[in-house]
Amino acid sequence: MATPEQTHYTTIEKALYQLIAAQGSINEEQLEQLFKRLTEDTDRFNNQETIAQLQTRTLEDSIELINDRIKFIHEKITKFSHQTERVKLYFLIRSAGAITSDSDNTNGSGSSQGLNTLPFTAREIGAINRLIDTIITDNDPVEKFLVTGKQAIHIVGAETSYTGTQSKKFLQRLVTEGFLVQTPRDRFMISSRSLVELQEHLIEQHSLRKEGGLINKCIACNEIQTSGTRCPNLDCWVRLHKLCREPYQRAHGQMCPDCGTEWTSENTVFVGEMALSQNN
Ligand SMILES: [Zn+2]
Ligand SMILES: [Zn+2]
């Protein structure tokens, strides 16, 4: 945390912000390297106080300084762990809100929160909402957290009156812009970025699994989980990402911390696309 003595917003923060804003996201390692280079090069600063501050400033301190500034323009930089790859990413979130399509928004300008910088029509936002809603709610009994290509085209068509080809094109756009991920088997999942952006909204709408709702959180990293494994006791709420499971169980053992069921390699129950191959 930045202490009151460390509050000088410098060209370092400016450079970090510009880079993250331009790229949308950047992995932690790259950002640490850049940060190190920038803080070592203190010749550019003539304010002794600032130079002194930079000796002890960490990347987290800098991010906090940036966030303190950009909150006024409804932006925020957030760090999150990728669900299936061993990387941590910093993301610029342009409005920490929901993709909501309010019924007043009929002018097609897509003025909804969360996507307000993007030219989506109200109907397109309606389609995005229904896709996300279906991915979250259509998981009984198997927690697959995806829709098939066919389902997705149907949903988009129903919400927008687009033809099949137009619907496909729109879905491709959602993939290109990072809202959805398309699997090699032509299924669509919510991207990690969208999960981060929508986190609060999704929990508010659907509640946490632990409280009887539909949103999983990984007990190791505490981030939303739509891919990984679940407690073999199907009534239990405990979930782990694939990459979080091994270190977690090494530290805490194989017994479920809530219900006490043992997690073995034989009784693994998957969450995400793997859950489908398990059932077929
Ligand atoms: Zn995790
Ligand atoms: Zn359990």
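Values computed for the structure shown
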read-out: Euclidean distance between Cα centres, the range 54-84 to the range 176-203, Å; value: 22
read-out: Vicinal HN-Hα couplings computed from phi for the range 175-181 (Karplus, 6.51 cos²θ - 1.76 cosθ + 1.60; Hz; Gly/Pro x); value: 6, 4, 7, x, 7, 10, 10
read-out: The range 209-279: Cα Rg divided by the 2.2 N^0.38 Å rule of thumb; value: 1.00
read-out: Exposed-loop-free span, longest in the chain, where trypsin sites (Lys or Arg not before Pro) count as exposed if DSSP calls them loop and at most 13 other C-beta atoms lie within 10 Å; value: 87-184
read-out: Pairs of Lys in the chain closer than 22 Å at Cα, counting only those 8 or more apart or on different chains; value: 24
read-out: Loop sites in the range 122-226: GluC sites (Glu not before Pro), DSSP, at most 16 other Cβ within 10 Å; value: E177
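Laboratory data are not the source of any read-out in this text; all were calculated from the coordinates shown. All values reported here derive from a predicted model rather than from experimental measurement. Note: ideal-geometry Cβ built from the backbone for every residue, glycine included; neighbour counts use all protein chains shown.
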